[in-house]
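Below: the structure, in structure tokens.
The values are calculated or read from the model by the stated rules, or taken from the named source; none is laboratory data. Note that the coordinates shown come from a computational prediction; the quantities given were computed from them, not determined experimentally. Cβ atoms come from the backbone with ideal geometry, glycine included; neighbour counts cover every protein chain shown.
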Amino acid sequence: MKTNDIKKGMKIMTNQLGIPVSGTMEDNQRGSTRFIYTNADEIGMVSEYGSVYAYNIIEVFDESKNEWVKVEHTPKQLNMKTIVF
């Protein structure tokens, strides 16, 4: 699934905190950043709403298949990874 296909309310996994953490997509936008709710309490941090780079979204729960699927990033989103670091 592409990051631009992820819709509000979908369950996601991100790695922006250094290890995979679940969360929920909170917008229907497209592009290099997305707004999410992260369940950081899973790793002893505070859960909160915030922006995340699209390349940090690594998996999405596909309810039609009842499984986690890998996220496909666009070349622009992957290029952001090299610019940020």
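Which of the residues that make up region 30-60 are within 14 Å of Asp5 (Cβ to Cβ) and more than 11 Å from the chain's Cα centre (by Cα)?
Arg30, Gly31, listed by residue number.
Being of a type in the set (Ser, Thr, Tyr), assigned to a loop (DSSP other than H, G, I, E, B) and more than 15 Å from Met13 (Cβ to Cβ) is the filter here; which residues of region 27-65 pass it?
Ser32, Ser64
Scan region 52-65 for residues that are surrounded by 15 or more Cβ atoms within 10 Å (Cβ to Cβ) and not hydrophobic (A, V, I, L, M, F, W, C) and report the count.
Counting residues in region 52-65 that are surrounded by 15 or more Cβ atoms within 10 Å (Cβ to Cβ) and not hydrophobic (A, V, I, L, M, F, W, C) gives 4.
Restricting attention to region 1-19, which residues are surrounded by 14 or more Cβ atoms within 10 Å (Cβ to Cβ) and either assigned to a loop (DSSP other than H, G, I, E, B) or touching a Gly at 6+ places or on another chain (Cβ under 7 Å) (or both)?
Correct list: Met1, Ile6, Met10, Ile12, Thr14, Asn15, Gln16, Leu17.
Among the residues in region 62-79, are any farther than 18 Å from Asp5 by Cβ and either touching a strand residue (DSSP E or B) at 6+ places or on another chain (Cβ under 8 Å) or free of Cβ contacts under 8 Å to residues at least 40 places away in the same chain (or both)?
Looking for residues that are farther than 18 Å from Asp5 by Cβ and either touching a strand residue (DSSP E or B) at 6+ places or on another chain (Cβ under 8 Å) or free of Cβ contacts under 8 Å to residues at least 40 places away in the same chain (or both), one finds at least one in region 62-79, hence yes.
For residues that are modelled with pLDDT under 95 and among the β-branched types (Val, Ile, Thr), tally how many sit in region 52-85.
4
Take Val69 and tell me if it is among the β-branched types (Val, Ile, Thr), out of contact with any Pro (no Cβ under 9 Å at 6 or more places or on another chain) and not in a loop (DSSP other than H, G, I, E, B).
Yes: the conditions hold for Val69.
Filter region 66-85 down to the residues that are of a type outside the set (S, T, N, Q) and over 15 Å from Ile12 (Cβ atoms), then identify the one that is surrounded by the fewest Cβ atoms within 10 Å (Cβ to Cβ).
The qualifying residue surrounded by the fewest Cβ atoms within 10 Å (Cβ to Cβ) is Phe85.
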